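Everything below concerns the one structure shown next.
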Amino acid sequence: MWCFQIFRNASAGSLKRMASSDAASQNVCLNLVRNHDKENFLCTLLLKNPQRRNAFAVRAFNVEVAKVSEKVSAGNVGVMPLKFWENTITSLYRSDGTSVPDHPVIHELQQAVREHKLSKMYLQRLVSARANANLHFLTVKQLEDYAEHAVSSVLYLLLEVHDTRNVHCDHAASHLGKAQGIVNLLRSIPYQTRRNAVPIPQEVLIAQGVNQERMVRNRPDDKGVEEVTFSLASVAFRHLEKAKGLLKSVPRTVKPIFLPVVTIERYLQRLRLANFHLTDPNVMRTDSLLPLVLYWRKLRGNY
């Protein structure tokens, strides 16, 4: 009897430690997304549990990979950190799972992979998309392909977290990811310096006779810069409209995954009202009403 009591006490202690470790890992993922991806953090909060926990694991993994590329200033400095995440993905899909690094985000992601059989390909795409930190696109198609890998892949994984593999959902996720990827690029331009190449497709710059220097200056009276911005915003808007049209065929249970529709829509609206001037204060400001709008739109199912 005393042996049984010792075993029970030890088991209870282990369970408490495991629960404490799980809670700590969840908090790490939550805080990573909140600090580095605020709008998607708000959208993910509105998902239901238990899917919300796994969705934060996916988004936290994406943040970790994105942080690597942001720190890379030149050359192949980022190769080794990215190699760590590539190796991590490989280890997550080994049958024994014993060689997974001790990392809170990886711990949470491992659970999501096991529970929902997440596609290895989409996780690999998130890493490979960041292999070139200094983004350089010759055509709009190359930019769209990048957005498909770096943003749409997250949405595909969130659908899998909800155990949904549906061609209509994937089609909507593809267009939404492209719209969000292009908007992310536009939002990054005011923070570029003269040392950095502005990640705008060369064909768009050439069509408007605008160079990198003018994009960095971004003067409000520069009509060429305005046309470049309008051109890219129009591509994002077309993808957004296609995604919204496809949402009619998306099951109600997974529609909250597409809440980023609201954030993109509101940003493009502010940009239009500012005559496509990226550094206008109303464009760059924090959308203080966004939490309320997201909640209301989710409640009504109006995306």
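What the table below lists for this structure:
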| item | result |
| --- | --- |
| Stretch gain in nm, segment Ser99-Asn49, where the contour uses 0.36 nm per residue and the Cα spacing is subtracted | 15.2 nm |
| Peptide ranges 233-243, 149-159 listed from the most packed, as the mean C-beta count within 10 angstrom indicates | 149-159, 233-243 |
| FRET efficiency estimate (nearest 0.05) - Cβ-Cβ, His168 to Arg270, R0 45 angstrom | 0.90 |
| Percentage of interatomic Cα-Cα distances in segment 85-163 larger than 19 Å | 42 percent |
| Exposure of Ser288 as accessible area (Å², to 10), given a probe of 1.4 Å and all protein chains | 90 Å² |
| Estimated FRET transfer efficiency (Phe230, Glu70; beta-carbon r; R0 30 Å; 0.05) | 0.65 |
| Full-stretch length increase - Met121, Asn27 - with 0.36 nm per residue and alpha-carbon distance subtracted | 31.2 nm |
| For the chain, alpha-carbon Rg relative to the globular expectation (2.2 N^0.38 Å, N residues) | 1.10 |
| FRET efficiency for Asn35 and Met284, using Cβ-Cβ distance with R0 set to 22 Å, rounded to 0.05 | 0.75 |
| Within the accessible area of the chain (1.4 Å probe), percent carbon and sulfur | 54 percent |
| The chain: calculated mean residue ellipticity at 222 nm from DSSP helix runs of at least 4, using -39500 (n - 2.57) | -21500 deg cm²/dmol |
| Gain in span if fully extended, Asp145 to Asn211, counting 0.36 nm per residue against the direct Cα distance | 21.5 nm |
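The values are calculated or read from the model by the stated rules, or taken from the named source; none is laboratory data. Fair warning: this is a prediction, and the values are worked out from it, not measured in the lab. Neighbour counts are summed over all protein chains in view; Cβ atoms, including those assigned to glycine, are modelled from backbone coordinates with ideal geometry. Protein only, heavy atoms only, side chains kept; ligands, DNA and RNA dropped before computing areas. Shrake-Rupley method; radii C 1.70, N 1.55, O 1.52, S 1.80 Å.
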